[in-house]
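The values are calculated or read from the model by the stated rules, or taken from the named source; none is laboratory data. Worth saying up front: this structure is predicted, and the values here are computed from it rather than measured. Cβ placement follows ideal geometry from the backbone for every residue including glycine, while neighbour counts extend to all protein chains displayed.
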Amino acid sequence: MNYFRDVTRNGSSGGTSNRTDPKNDGKVRNSVIMGRKTYESIPPKFRPLGARTNVIVTRSEPMDVARSVVGDLQKQAREAQGKKAELEQKRSTNPTPTITQQLKMAGAEFEVVGDDGGATVAVQSQPEGAVPGVVVESNLRLAAESCLSEPGEVYCIGGAEIYNALLGDERLRPRLRILQTEIKKVNEGEEFECDTFWSEELEDPKNGWSEAQTRELVGWTGVDPPQGTSMDWVEDQKVGVRLRVRGWEQRET
């Protein structure tokens with residue numbers, strides 16, 4: 001999760017993290033595109049994802065989804081206001097991004113900006129900046145192209161229907177890069193029970209994907225993958241897994 005956070009929050013295809021790039025004055029913000037169910041699967045205290053523009057793509061009415069987001073944020077703001085003194089004490093000893101975000105939300109108000117029936121609506125806060133930007137879109141391609149027109153990086157984080165739609169879009173597919181986190185259990189013979197599967201075999205040449213070297217991943221994001229500069233597996237004994245990150249892009253034809 002640290003790699004996911006660092007890449008989506010600070011990643012830059014310039015090969016230098018936005019966090020450390022002296023040319024970034026804090027105005028460049030990456031975007032994360034996701035389906036409504038993926039957004040709702042994020043624990044409330046972490047949503048919207050901090051320091052990123054959260055773009056929610058939905059088949060439902062964008063206004064209805066945005067109003068639901070506002071209701072959720074208002075509840076979080078009231079809870080943060082009620083324990084503001086406790087949060088300030090925690091920040092003095094452990095100033096995590098989550099605690100800082102909760103304090104920003106304390107007592108804030110939120111509203112939906114846009115028209116009923118519109119394809120795009122947004123959630124704004126008062127005071128401004130109490131939460132990262134939230135945009136609700138009904139059209140995935142328009143959402144992606146709108147984000148791509150901005151200076152920050154664009155990351156699609158799921159779910160399966162969103163991934164499949166991007167893979168099937170002839171205009172967007174050639175521009176895609178895939179960051180694939182592989183996870184295995186440390187104990188040989190043990191496997192995870194899965195009910196959702198990637199729709200394409202990345203290693204099958206007919207699908208047109210070419211695997212990147214680890215150093216290329218750093219060039220894509222400005223962030224070192226968990227395995228460093230090798231393709232070796234990294235063990236996390238605490239949770240009993242091995243993991244590594246691989247990268248893929250479409251070969252030129």
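So, E200, is that one under 23 Å from I162 (Cα atoms) and in contact with a Gly (Cβ under 9 Å, 6 or more places away or on another chain) or not? Give the steps one after another, and end with the answer.
Numbers: under 23 Å from I162 (Cα atoms): yes; in contact with a Gly (Cβ under 9 Å, 6 or more places away or on another chain): no.
No; evaluated as a whole, the condition is false for this residue.
Return yes when D204 is surrounded by 12 or more Cβ atoms within 10 Å (Cβ to Cβ), farther than 17 Å from A144 by Cβ and free of Cβ contacts under 8 Å to residues at least 60 places away in the same chain and no when it is not.
no
Check every one of the strands (runs of 3 or more DSSP E) wholly within the stretch 45-134 and list those with 1 or more residues that are assigned by TED's automatic domain parsing to the domain that holds R9 and farther than 20 Å from T8 by Cβ. Steps first, answer last, please.
Values: elements: 53-57, 109-113, 120-126.
Here the list reads 109-113, 120-126.
Here are some residues: T253, T181, T196, T229. Which one is closer than 24 Å to V32 by Cα and modelled with pLDDT under 90? Can you show your working first?
Values: T253 fails: closer than 24 Å to V32 by Cα; T181 fails: modelled with pLDDT under 90; T229 fails: closer than 24 Å to V32 by Cα.
Among T253, T181, T196, T229, only T196 is closer than 24 Å to V32 by Cα and modelled with pLDDT under 90.
Being surrounded by fewer than 17 Cβ atoms within 10 Å (Cβ to Cβ), in contact with a Pro (Cβ under 7 Å, 6 or more places away or on another chain), in contact (Cβ under 8 Å) with a residue 12 or more places away in the chain and at negative phi is true for just one of G159, G118. Which residue is that? Outline the logic, then answer.
On the way: G159 fails: in contact with a Pro (Cβ under 7 Å, 6 or more places away or on another chain).
Criteria check complete, one pass: G118.
What tally of residues in the stretch 22-45 results from selecting those that are of a type in the set (A, V, I, L, M, F, W, C) and at pLDDT below 90?
1
Quick check on my filter: what residues within the stretch 129-167 are more than 15 Å from R59 (Cα to Cα) and among the aliphatic types (A, V, I, L, M)?
Across the stretch 129-167, the qualifying residues are A130, V131, V134, A144, L148, V154, I157, L166, L167.
On the given criteria, is G107 closer than 30 Å to L217 by Cβ, at pLDDT below 95 and surrounded by fewer than 20 Cβ atoms within 10 Å (Cβ to Cβ)?
no
Looking for something polar (S, T, N, Q) and either without any contact (Cβ under 8 Å) to a residue 40 or more places away in the chain or surrounded by 17 or more Cβ atoms within 10 Å (Cβ to Cβ) (or both) - is there at least one such residue anywhere in the stretch 175-188? Lay out the reasoning, then the answer.
So in the stretch 175-188, the residues polar (S, T, N, Q) come out as 180-181, 187.
Pick out the ones that are also either without any contact (Cβ under 8 Å) to a residue 40 or more places away in the chain or surrounded by 17 or more Cβ atoms within 10 Å (Cβ to Cβ) (or both) and you get none.
For the stretch 175-188, residues polar (S, T, N, Q) and either without any contact (Cβ under 8 Å) to a residue 40 or more places away in the chain or surrounded by 17 or more Cβ atoms within 10 Å (Cβ to Cβ) (or both): absent.
Residue by residue through the stretch 66-100, note down the ones that are small (G, A, S) and either free of Cβ contacts under 8 Å to residues at least 40 places away in the same chain or exposed (fewer than 13 other Cβ atoms within 10 Å of the Cβ) (or both).
Answer for the stretch 66-100, where residues must be small (G, A, S) and either free of Cβ contacts under 8 Å to residues at least 40 places away in the same chain or exposed (fewer than 13 other Cβ atoms within 10 Å of the Cβ) (or both): S68, G71, A80, G82, A85, S92.
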